[in-house]
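Here the structure comes first, spelled out in structure tokens, and everything after it is commentary.
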């Protein structure tokens, strides 16, 4: 069986090959208590005399409820009432289940970014530990895809009393780990361009390749990646008209034929796609000295083009070309991984946030509440991605499965987020 890409992909391939199911993982509550400890570390802005419900209880109720197919504040409150007995297994709940208004107001008043980072760090540590036991090969560079997402349901018309633009987040998705490792929420009356460097400056970019669309191809964004000891593959379009035109004119038919003669500079793939076949041709060259403004873009080492031809069953062909420049050396395989891997942020993150977690229907008016709700959904998505193969179901169906028997399934799922438990299950299957 062909290996999937990234560390998570390789681990899930092993689950497939050994036919490991969720029932094969021994039950433990270590990860649940790690989550609770992280929730306790969130600063609580409430005055002590007004606190009836613990902050960590409210955060964990939201997280459990989201995993169990709940998407809105009222659903979280209903979940807390219905599952109060089970919740007391892990939470204190000194005054019972909180109301929907209490949950909404408290979540809207806190900052969950550090909680998200703590959970992501724990998940990456667990995946690294499992991966080291499965592979003796040196992992390739981690592809980090940066792209923006708008939560359309949070928008208010200008005629509304609280007219607001939609919540807009710039996300950083890891192809290696399979989840969102960071985000920067974009201020009203701003856009993604100034948010990119702010997001990248907070991240550890060593051994990473950061990709983005043409909007974020900016001098400061490139500089932030290099400062963080990472590499970049930057898309190039008409928003840099002269640069784009000069690169496009460089790749003449004769130049493409010359590159085609070398396996270092050229690669071709053919895959089934949209009821037809997609032929992709990758061209890469280190010949960049001709470009006068080359020093403007830090460590600009190569330029490349990806030519895609979609051949439909009726013989119709659709062609497109995408141009790039990069700090990478001439490595055609890595160039292919970076340009193809970039779309993981759309297919594996943004699509699931909307389809599986209904983020586009989030109508929360409190801006901070909308941000925190999205962050909790990203954490839930990351957890479900890690156990998806163990269920053999879509992420949406797993949420439905949890909703039908959340006491059992939440214990099973959160037990599976354990390096030792997974290593034990793999060992038992192998012997």
Return the distance in nm (one decimal) between the two label points of a simple spin-label model at residue 49 and residue 19, each offset 7 Å from Cα along Cα→Cβ.
6.5
Taking every eigenvalue of the Cα gyration tensor of region 214-329, multiplying by 5 and rooting it, what semi-axes result, largest first, whole Å?
28, 16, 14
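Given an 8 Å cut-off on Cα distances and at least 6 residues of separation, report the relative contact order of the chain as a percent.
23 percent.
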Estimated distance in nm for a label pair at residue 198 and residue 363, the labels positioned 7 Å out from Cα along Cα-to-Cβ
2.9
Distance in nm between pseudo-label sites at residue 431 and residue 188 (7 Å out along the Cβ direction from Cα)
6.2
How big is Rg to Rh over region 321-431, alpha-carbon atoms, Rh as the Kirkwood inverse-mean-distance radius?
1.08
Helix 30-40 sits off the longest principal axis of the Cα atoms of the chain, rounded to the nearest 10 on a 0 to 90 degree scale, by 80
Counting other C-beta atoms within 10 Å, which of 238, 34 has the fewest, and how do the rest follow?
238, 34
Computed P(r) (all Cα pairs; the chain; 20 Å bins; percent):
24, 52, 22, 2
Segment residue 75-residue 40, extension gain: residue separation times 0.36 nm, minus the distance between their alpha carbons:
10.3 nm
Pairwise FRET efficiency - residue 346 versus residue 314, Cβ, R0 = 30 Å, nearest 0.05:
0.65
How much mean residue ellipticity at 222 nm does the chain get from its helices, if each DSSP H run of length 4 or more adds -39500 (n - 2.57) and you divide by all residues, to the nearest 500 deg cm²/dmol?
-13500 deg cm²/dmol
Multiplying the sequence separation of residue 260 and residue 296 by 0.36 nm and subtracting their Cα-Cα distance, what value in nm do you get?
10.1 nm
Just the number, please: Stokes-Einstein D of region 301-363 in µm²/s, Kirkwood Rh from C-alpha pairs, 20 °C, 1.002 mPa s.
148
Taking the Cβ of each residue in 246, 292 as the centre, tally the other Cβ atoms inside 10 Å and list the residues starting with the fewest.
292, 246
Just how far, in whole angstrom, is region 294-334 from region 181-255 if you go by their alpha carbon centroids?
15
Rank these for me by crowding, 67, 310, 259, going from fewest to most other beta carbons within 10 Å.
310, 259, 67
Subtracting the Cα-Cα distance from 0.36 nm times the residue separation, let me have the gained length for residue 150 to residue 289 in nm, one decimal.
46.2 nm
Taking Cα pairs under 8 Å and at least six residues apart, what relative contact order does region 214-329 come out at, in percent?
28
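A short reminder: the numbers here are calculations on the coordinates, not readings from a lab. These numbers come from a predicted model, not from an experiment. FYI the Cβ positions are ideal-geometry reconstructions off the backbone, even for glycines, and counts take in every protein chain you see.
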